[in-house]
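Have a look at the structure below before the remarks.
Each value in this text was obtained by applying a stated rule to the coordinates, not by laboratory testing. Remember, predicted model here, so these are calculated numbers, not experimental data. Cβ sites come from the backbone with ideal geometry, for glycine too, and all protein chains shown count toward neighbours.
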Amino acid sequence: MRSTQIPHRRPAQPARRWLLTAVVLTAVTALTAACSTARGPLHPFPVPGPSPGTTGEPITADGRAISQVALALRGVPYTYGGSSPDTGFDCSGLVQWVFRRVGVILPRETQDQFLFGASVDRAALLPGDLVFFTTGPHPASHVGIVIGPDQFVHAPNSRGVVRVERLSASYWQRRYLGARRPHARAGTR
């Protein structure tokens, strides 16, 4: 009678397990962070401070003009740290680019954009207002631009493109943080 040998399996090496764990954790973190732009070298240009002499009055840019600029960018791919239609956008890069086109200079990062302007009640949202959500490690980790009743445009995540969503969708309702109406103190051209 012949004995059957079971092939010997080498135990997984600790270094390989560690590397695999690190790769998986990095991928999960990148996918779940959505567009929570990190601070660091992702800024291709310095963000200018407030213009001297601004009064803090609401922006003069028409909310419809802001909406039209944003809607024209539908289909542009999401790119982490992206800030142009040529290279793609993340959420805060999209907002900064759109507002700059109508003469309003906003900070680059979502958390900083959340500090500009006046708080707006959800029932009083107008086109051009910014809506903020908690989708990542920071409370204000995602931003979009209101374009009409119950609708906003945004750059969602690494699997998406700039698109329109409903504020009433359960995903966004659960993560809604607040809204802001940017002011002229953010700086104008």
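Results, tabulated for the structure shown:
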item	result
Shape of segment 63-184, Cα gyration tensor, a/c cut at 1.5	rounded
Dipole-positive endmost among 145, 106, 177 within segment 93-189 (Cβ charges, Cα centre)	106
Protection proxy ranking of 83-89, 136-142 - average other beta-carbon atoms within 10 Å, highest first	136-142, 83-89
Dipole magnitude of segment 63-184, debye to nearest 20 (Cβ charges: Lys/Arg +1, Asp/Glu -1, about Cα centre)	160
